[in-house]
Amino acid sequence: MLWILLAFLSAALLGFYDVFKKQSLKENAVIPVLLLNTLFSSLIFMPFIYLSGSGKIGSDSIFFCTEWSWAEQRYILVKAVIVLSSWLLAYFGLKHLPLTIVGPINATRPVMVLVGAMIIFAERLNLWQWLGVLVALIGIELLKHTSKKEGINWWRNKWIYFVFLGNVLGALSGLYDKYLMATPDNGGVGLNRMAVQSWYNIYQLGMMAVMLLCLWWPTHKKTTPFHWTWGIPLISLFLSAADFVYFYALGLDGAMISIVSMVRRGSVIVSFLCGAMIFMEKNLKAKAFDLMLVILSMLFLYLGSN
């Protein structure tokens, strides 16, 4: 099954995306880093929009971007708002928290997707899926106690709330992807995946430019300064590659969004190892056990969704 292999590839790319994101945010201003991320991502996809519009890329190519009217573009604009809100919260949270804590929290996103599918699409969870939800909650509870050893009180640390809320919006984005990609016969919009990925980055760039000029620039001398690091363009490169593989996998016959979403959360393994080896983070044994519970919950979710 090609789509499952692509999901694993996307997971590995996402893991390195998290690592370069953490490295770029170290003692750095969040808003300009995120602006540059959206800029480089937009620059990656703009040529595909132009080449598709000029006929140099045919409609049978995986890189083809469909041209739409505002009736279709408004759906992508909504996605851009959801994703950018999720990114802002996640970036601020990751800047102030260890990667070995943020990674396992992010890995619980499939649980949020399942709960969201249950609420929005009236889906029902089976025994394996409920076990996955339960084990994930146990893993998060243990991680909460492990975090106290580093002076992080989950109930009083606003950055924990930032990460969780960012994941809720990320899960909402995943559910919205299902709606965007599904054909009208299946209750969706039936948008071209390449065009969605291209245009939502461009919309985010515009929103981040306004945010930088209105929020960050007037007070930038009093807040965390911005400094350039080569990790910033690598954020865009690995994220764009991970999302491209993800959208391509979803377009293949037999691809299941629930399984693809769960496999992608395997990115936590890459980010956890890098957090241990590169950033030299603490309490790794306890966090590794908590992480194993989260991974076990993903296995239960896989068994319940297969």
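The values are calculated or read from the model by the stated rules, or taken from the named source; none is laboratory data. Quantities reported herein were computed from a predicted structural model and do not represent experimental measurements. Cβ coordinates were reconstructed from backbone atoms using ideal geometry, including for glycine residues, and neighbour counts include every protein chain displayed. Just the protein is used for accessible areas: all its heavy atoms, side chains included, with ligands, DNA and RNA removed. Shrake-Rupley method; radii C 1.70, N 1.55, O 1.52, S 1.80 Å.
Of the helices (runs of 4 or more DSSP H) that lie entirely inside the stretch 94-193, those containing 3 or more residues that are within 24 Å of Met280 (Cα to Cα) and not β-branched (Val, Ile, Thr) span 99-106, 127-147, 158-181. Within the stretch 102-111, at least one residue is within 26 Å of Phe16 (Cβ to Cβ) and open to solvent by 40 Å² or more (accessible area, probe 1.4 Å). So for the stretch 257-276 (the condition being outside any helix (DSSP H, G or I) and modelled with pLDDT under 90), does at least one residue qualify? Yes, the stretch 257-276 contains at least one residue that is outside any helix (DSSP H, G or I) and modelled with pLDDT under 90. Here Ser42 fulfils each of the conditions (1) open to solvent by less than 10 Å² (accessible area, probe 1.4 Å); (2) closer than 30 Å to Glu141 by Cβ; (3) at pLDDT 90 or above apart from (2). Regarding Ser297, is this residue among the hydroxyl-bearing types (Ser, Thr, Tyr) and under 18 Å from the mean Cα position of the chain (by Cα)? In short, no. Here is a check on your reading of the model: is Ala209 modelled with pLDDT of 80 or more and closer than 30 Å to Asp60 by Cα? Spelling it out, it is not the case that Ala209 is modelled with pLDDT of 80 or more and closer than 30 Å to Asp60 by Cα. For the stretch 54-77, indicate whether the set of residues that are open to solvent by 30 Å² or more (accessible area, probe 1.4 Å) and either closer than 27 Å to Phe226 by Cβ or in contact with a strand residue (DSSP E or B) (Cβ under 9 Å, 6 or more places away or on another chain) (or both) is non-empty. No - not one qualifying residue is present in the stretch 54-77. Filtering Phe226, Phe279 for residues that are modelled with pLDDT under 75, hydrophobic (A, V, I, L, M, F, W, C) and within 18 Å of Lys26 (Cα to Cα) leaves a single hit, Phe279.
Note on the stretch 253-268: among residues that are of a type outside the set (Gly, Ala, Ser) and more than 15 Å from the chain's Cα centre (by Cα), the one that is most open to solvent (accessible area, probe 1.4 Å) is Asp253.
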